[in-house]
1. Could you please give the count of residues in the stretch A:241-290 that are over 19 Å from A:Ala389 (Cα atoms) and more than 15 Å from the chain's Cα centre (by Cα)?
2. Just for strands (runs of 3 or more DSSP E) wholly inside the stretch A:258-361: which have at least 3 residues that are surrounded by 24 or more Cβ atoms within 10 Å (Cβ to Cβ)?
3. Take the residues in the stretch A:214-240 that are in a loop (DSSP other than H, G, I, E, B) and modelled with pLDDT of 90 or more, then tell me which one is farthest from the chain's Cα centre (by Cα).
4. On the given criteria, is A:Leu398 in a loop (DSSP other than H, G, I, E, B), buried (at least 19 other Cβ atoms within 10 Å of the Cβ) and modelled with pLDDT of 95 or more?
5. For the stretch A:180-205, name all the residues that are under 18 Å from the mean Cα position of the chain (by Cα) and either among the β-branched types (Val, Ile, Thr) or within 16 Å of RNA strand B (Cβ to nearest atom) (or both).
6. Given the criterion exposed (fewer than 15 other Cβ atoms within 10 Å of the Cβ) and either assigned to a helix (DSSP H, G or I) or more than 9 Å from RNA strand B (Cβ to nearest atom) (or both), identify the matching residue among A:Val46, A:Val29, A:Val55.
7. If I go through the stretch A:364-416 residue by residue, how many of them are aromatic (Phe, Trp, Tyr) and touching a Phe, Trp or Tyr at 6+ places or on another chain (Cβ under 9 Å)?
Amino acid sequence: MLDVRAIREQPKKIKERLRARGDNYDEIVDRIVALDERRRQILVEVEDLKHRRNVVSKQVGMMLKEGKDAVALREEMRSVGEQINRLDTELRQVEEGLEQAMLLLPNLPHGSVPIGEDEKDNVVVRTWKEPKDFDFEPKPHWELGERLGVIDFSRGAKLSGSRFYGLRGFGAALERALINFMLNLHTRNHGYTEVFFPFLVKPHCPLGTGQLPKFGGEMYYCERDDLWLIPTAEVSVTNLHRDEILNADDLPLKYVSYSACFRREAGAAGKDIKGVIRVHQFNKVELVKITEAEKSYEELEGMVQDASRVAELLGLPHRITLLCTGDLGFASAKTYDIEVWMPGEKRWREVSSCSNCEDFQARRMNLRYRPQQGAKPRYAHTLNGSGLAVGRTLAAVLENYQQPDGSIVIPEVLRPYLDGMEKFPIT
RNA sequence: GGAGGGAUGGCCGAGCGGUCCAAGGCGACGGCCUGCUAAGCCGUGGCGGGAUUGAAGUCUCGCCCCCGGGUUCGAAUCCCGGUCCCUCCGCCA
């Protein structure tokens, strides 16, 4: 959520900055300005009436105690009470409308974000290890996975439909090894605290992180219990401290969490239909930081480092891209993607997206910190990033480590998690 | 799923229609006092609006006793709806 005061004072500037995202929010901004104006008008009026009622009511109490008659005053206050009721009702409606409009505005892109339309305008910041040449034709992971009997697409679909898959044997073990490797790296070497919270959350959580109200169609929803399945652990973990005032000395909070992620992929019909790239349920290790306002960009760089370190240690060629304004997520002010090279597909695939949401989510969830003892609370900054998406990383390992005979060499860092296995199948 | 109990300031805890701008205690912070420490004394909540100022600030009003409605001249207190927590029973990995 943006600052209403900023919108009130500089609506033109806000409109302009939002336009960089490629959509026009002028109408919503205008609506906000009008409703905010009306809201403050009503406040002045109704607060004045309430003041009178308070004063007179006290007087009535005293008169009654002294045995005097207060019928005239009570009569007058009854009509004042009715006016207050009327204004309060209107105020509620105005505030409701204002809130709803505010929730529809995305975050403002940071000044360092390149202006652009879509992914073609993203900027490659750096590349780690150029894609290596194969002296044979590398296969895509779905072929490798099926041939080796470690990814089971057809039975995934049998149970749950399209865009669901299963793992067997070495595949399942590799998935588990990747999760443990990532969690250990981030907790032991990067200073994150591991947490594990429910996959089902109440509506205020996705509202706080920005998936709702606009993107409800992308999530699974359990109507009977009014619970949403998280599309990423960002939703549960960022909300951990909602409605709290944190101590600046305790910041930054750095969390890492494994979770399953659930996405309806409603608008993706026919896209990425092969393999494990775009599915309804996948595993992810997520990084979340809650920081002081001044430090969030520094922390964003650190988070990208922490996430890309996973790809490095796995020996996966990858590159970091800075998303342009048109490709930025709803809640984000600045985002870096990490993309690994898929030799079988001969293209880069996103395995992480690291975003600084500044105070956008913090406002929605009323997450604050006190800069110094006695100082006024400020909204915290929140960051999130994958560290990494596990299913896609597994696919990348299969594709990058495939041998001419179709076997897979296991990256060294994963061997301790797989009983020292060096190759699959063991020949 | 059934029955019952509860939610008050950082914490404990009183309050049952009008001196509640919430008693009292504990803690934290600031100040006074003081060889030092302790004790003692004084002060210190959040959100929003308005006025004033170049700004920090100051003044002022409203709201906040879980949340939302209602009754009343007046609600922490009464009524209705909801959320969460606890206890017992049932079911259960």
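1. 15
2. Ranges flagged: A:281-291, A:334-342, A:347-356.
3. Restricting to residues being in a loop (DSSP other than H, G, I, E, B) and modelled with pLDDT of 90 or more, the top hit is A:Tyr220.
4. no
5. A:Val195, A:Phe196, A:Phe197, A:Pro198, A:Phe199, A:Leu200, A:Val201, A:Lys202, A:Pro203, A:His204, A:Cys205
6. A:Val55
7. Here the count works out to 2.
One line per residue, one yes/no per condition, for (1) within 30 Å of A:Gly275 (Cβ to Cβ); (2) out of contact with any Lys or Arg (no Cβ under 7 Å at 6 or more places or on another chain); (3) not in a helix (DSSP H, G or I):
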| position | (1), (2), (3) |
| --- | --- |
| A:Glu76 | no, yes, no |
| A:Glu82 | no, yes, no |
| A:Glu90 | no, yes, no |
| A:Gly97 | no, yes, no |
| A:Gly111 | no, yes, yes |
| A:Glu117 | yes, yes, yes |
| A:Glu143 | yes, yes, no |
| A:Ser154 | yes, yes, no |
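The values are calculated or read from the model by the stated rules, or taken from the named source; none is laboratory data. The shown structure was predicted, so the numbers you read here are calculated from the model rather than taken from an experiment. Please note: Cβ atoms are built from the backbone with ideal geometry, for glycine as well, and neighbour counts cover all protein chains shown.
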